[in-house]
Amino acid sequence: MLSPSAHSWIEGETLGEHLEEHGVSRRDFLEYCAELSVVLGVGSALAPKMAHAIEVQKRPTVIWLQLQECTGCVESVIRTENPSIGDLLLDVISLDYQHTLMAGAGTAVEKVKAASMAANKGKYLLIVTGSIPTNNDDMYVMIGGKTARSVLEEAAEGCAAILALGACAFWGGIQGARPNPTGAVGVRDIIKNKPIVNLPGCPPIGDTVTATVVHYLTFGALPEVDREGRPLFAYGERIHDQCSRRAHFDAGQFVETFDDKGAREGWCLYQVGCKGPATFSPCPIFKWNNRTSWPIEAGHPCLGCTEPHFWDTMTPFYGRLPDVAGFGIEKRVDTIGASLAIGAAAGVAAHATMTVMHQIKRRRATDQVPEAHENAGENNG
Amino acid sequence: MSKVSNEVGARHPPGARYLREFGKPVPRERGDFTWVYLWGAPLRIMHWVAALCIVALVISGLYVGRPYFATTGEASAHFLMGKFRFVHFTAAAVIVMTGIVRVYWLFAGNAFERLPALFPMSPRNMRSMFKVMRTYFNFQTQDQPHFVGHNPLAQWAYTSVYLLMTVLVITGFTLYGQSAPTGFFYHLFGWVPGLMGGLQIVRLVHHALTWAILIFVPIHIYLAIRADYVERAGIVSSIITGGRFVASDDEFEDIDLAAGKSRPWPAE
């Protein structure tokens, strides 16, 4: 579907045969598998096994639901590293239903989807992009006369596993940011009884999707995930710990404004709000648009888009720490903290002055040196 | 409760001559004062080690939070942030060890140091606390109830600092653990970001509580010195020597000198 096939899938044909039919040489295919094995972190020794597993596959079905979203994730995924083979892979996995890319529309494709889900019950892979609105009887997204929630629940019913692609399917995305008027939530908040792999990002890197699908095809299982359900091969390390500008962080060299010397020298973006230290993502390694670049390399601080609720917790995007609300206007914690600390020091000085004045007054009034003083003198003697 | 006179008795200490020369009243008898041992060595060592750690942690922590000076030239020639982080993490490890000692001493220490002493919440203690607070506002120090150990207001402040430090340690080690997602601290404190609503919130809390410590420190030092000035009983030196002087005939809320035993607040 992504790169229209010269000849359609022959019933019973394996993926290997299909690739060969399309003029993909054995060498190219093995190279691709070796690259994916590195991406997955399983070691290139497993590449032949992977190649074999993919070759003998017989058209696994994938249903791709687009719910409350902007289609940015699809845009990202069709820009995978090796488009000729990667796209073909996605083509060959029989992407039976994908709003944006499919040629058909309306009742016909809804029928195709229903038929495909029935025929592959318990075996197909479900990819979801977009959040699920839950306010006002879920009425904010309707597809084919059904709410996003019922579309998702229907598709999840017979699937083998779910890939929740992008920030929206992960936790709700931008429409799930405060005050979240539509009550947008992620897939994991709705579907509890199916294995879910989250591939967050706004958008995610296409390679993470291809690699996860290939992992699934190769090993017959979803990749190992972290606490948030994100595959460790991609989201296992912080951006901060893989960053090409890390040396400048350790050296104490920081960009203060976007037009200063540090910015020209490519110093660390920590001071202009980089969220790399709080963000787990493969950006520094996979990079974007065929390994061209990525935000920090291009001179922009990381926004932290692979983390849950990043629109709320990672803002201000150009500040190190979240603002503190409730002080009339939102203020930085340092302003408040320093004011209070200075206030405390001033209070101490004023209180000390008052104490001394009162003590002197009291001692003069009683015309007597306080007893403790004399008694202490005795004891010392 | 005056036990002083200008008469010079037979058993006067040598210092009495100087007191007379300066026109000061001379104590009538010896033994009017008792030296009371309060703070065990582990507690005192913990206090000073923690104090040094807090100085190191605040200085390095404020740099890590907002680098206040920078280096220039080749990055490979410098390791400024690295050094500050090293100081921060090392001091953090040491202060956690003092915390462990303190927890042990909550069970092994004397009545003033044990766990129940941290929570003076009996009605009598609450009344005393408000009395102390009142004298802080009206400066009538003669009305202040006397305590051999901490007065309830001070004790609640120190208990709050213990809690504050606990939150600082938990948030700090949560942030520390992020660099090694397969490591011990990442797993030990993995529940923290979810509970607080994200790593940035953890960072904010850790940063904000630093300012809370910076507010506590000057007030703590001031009130300790003030107590010495007002009561003249060697209170500041008690955190070095472990004990202080108390007048035998003074009335204390938390100790009965005549009975020769302490009755700290929780016992009431």
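The values are calculated or read from the model by the stated rules, or taken from the named source; none is laboratory data. Everything quoted here is computed from the prediction, not taken from an experiment. Note: ideal-geometry Cβ built from the backbone for every residue, glycine included; neighbour counts use all protein chains shown. For the accessible areas, the whole protein counts, side chains as well, though only heavy atoms, and no ligand, DNA or RNA atoms are used. Shrake-Rupley method; radii C 1.70, N 1.55, O 1.52, S 1.80 Å.
At a threshold of 20 Å², the residues of the stretch B:66-107 that become less accessible to a 1.4 Å probe in the full protein assembly than in their chain on its own are B:Arg66, B:Pro67, B:Ala70, B:Thr71, B:Thr72, B:Gly73, B:Ala75, B:Phe79, B:Met81, B:Arg85. Is the shape of the stretch A:143-190 rounded, prolate or oblate, going by the alpha carbon gyration tensor and its root eigenvalues a ≥ b ≥ c, with a/c under 1.5 for rounded and a/b larger than b/c for prolate? The shape class here is oblate. Expressed as a whole percent, the accessible surface of the stretch A:15-234 that belongs to carbon and sulfur atoms is 53, based on a 1.4 Å probe. Determine the shape class of chain A: with a ≥ b ≥ c the square roots of the Cα gyration tensor eigenvalues, call it rounded for a/c under 1.5, and otherwise prolate if a/b is greater than b/c, oblate otherwise. Prolate, because a/c is 1.5 or more and a/b exceeds b/c. Contact residues in the stretch B:232-251 (at least 30 Å² less accessible area with all protein chains than alone, 1.4 Å probe): B:Arg232, B:Phe245. Structure note, pairs A:Lys113/A:Lys194; A:Lys111/A:Lys192; A:Lys123/A:Lys192; A:Lys49/A:Lys287; A:Lys194/A:Lys275; A:Lys113/A:Lys146: Cα-Cα distances above 22 angstrom occur for A:Lys111/A:Lys192; A:Lys49/A:Lys287; A:Lys194/A:Lys275. Computed over chain A with a Gaussian network model linking Cα atoms closer than 10 Å, the most mobile of A:Ala349, A:Ala34, A:Ala177 is A:Ala349. Estimated from helices alone, the mean residue ellipticity of chain A at 222 nm is -12000 deg cm²/dmol (sum of -39500 (n - 2.57) over DSSP H runs with n ≥ 4, per residue). Would you work out which of A:Ala161, A:Ile191, A:Trp311 lies farthest towards the positive end of the dipole of chain A, given +1 charges on the beta-carbon of Lys and Arg and -1 on that of Asp and Glu, about the Cα centre? My answer, from the dipole projection, is A:Trp311. With a 10 Å cut-off around each Cβ of B:41-49, the average count of Cβ atoms from other chains is 0. Chain A against chain B buries an accessible area of about 5400 Å², both chains summed, 1.4 Å probe radius. Applying a 4.7 Å Cβ-Cβ cutoff to chain A, the cysteines left without a disulfide-compatible partner are A:Cys33, A:Cys70, A:Cys73, A:Cys159, A:Cys168, A:Cys243, A:Cys268, A:Cys274, A:Cys283, A:Cys302.
One Cα centroid belongs to the stretch B:206-220, the other to the stretch A:163-207; the line between them spans 39 Å. Between A:Thr313, A:Thr335, A:Thr353, the GNM of chain A built on Cα springs shorter than 10 angstrom shows A:Thr353 fluctuating the most.
In the stretch B:171-203, burial by the other protein chains removes 30 Å² or more of accessible area from B:Gln178, B:Ser179, B:Pro181, B:Tyr186, B:Gly190, B:Leu199, B:Gln200, B:Arg203, compared with the chain on its own (1.4 Å probe, ligands and nucleic acids ignored). With all protein chains kept in place, the per residue accessible area of chain A amounts to 43 square angstrom at a probe of 1.4 angstrom.
Of the listed residues A:Tyr124, A:Tyr140, the order by accessible area with a 1.4 Å probe, largest first, is A:Tyr140, A:Tyr124.
Taking label positions 7 Å along the Cα-Cβ direction at both B:Thr166 and A:Glu157, the computed distance is 5.0 nm, reported to one decimal. Only protein heavy atoms count here; under a 1.4 Å probe, B:Trp48 has an accessible surface of about 110 Å². Within the assembled protein chains, the solvent-accessible surface assigned to A:Lys121 is about 130 Å², based on a 1.4 Å probe.
I'd like the antiparallel share, as a percent to the nearest 5, of DSSP beta bridges with both residues in the stretch A:15-234. DSSP beta bridges in the stretch A:15-234 are roughly 25 percent antiparallel.
Relative to one another, the C-alpha centroids of the stretch B:68-111 and the stretch B:122-154 are positioned 36 Å apart.
Going by the alpha-carbon gyration tensor, a ≥ b ≥ c the square roots of its eigenvalues, is the stretch A:225-324 rounded (a/c under 1.5) or, if a/c is not under 1.5, prolate (a/b greater than b/c) versus oblate? Note, shape of the stretch A:225-324 comes out oblate. With every protein chain in place and a 1.4 angstrom probe, the accessible-area ranking of A:Lys275, A:Lys49, A:Lys123, largest first, reads A:Lys123, A:Lys49, A:Lys275. Pairs of C-alpha atoms in the stretch B:47-162 farther apart than 19 Å represent 63 percent of all such pairs.
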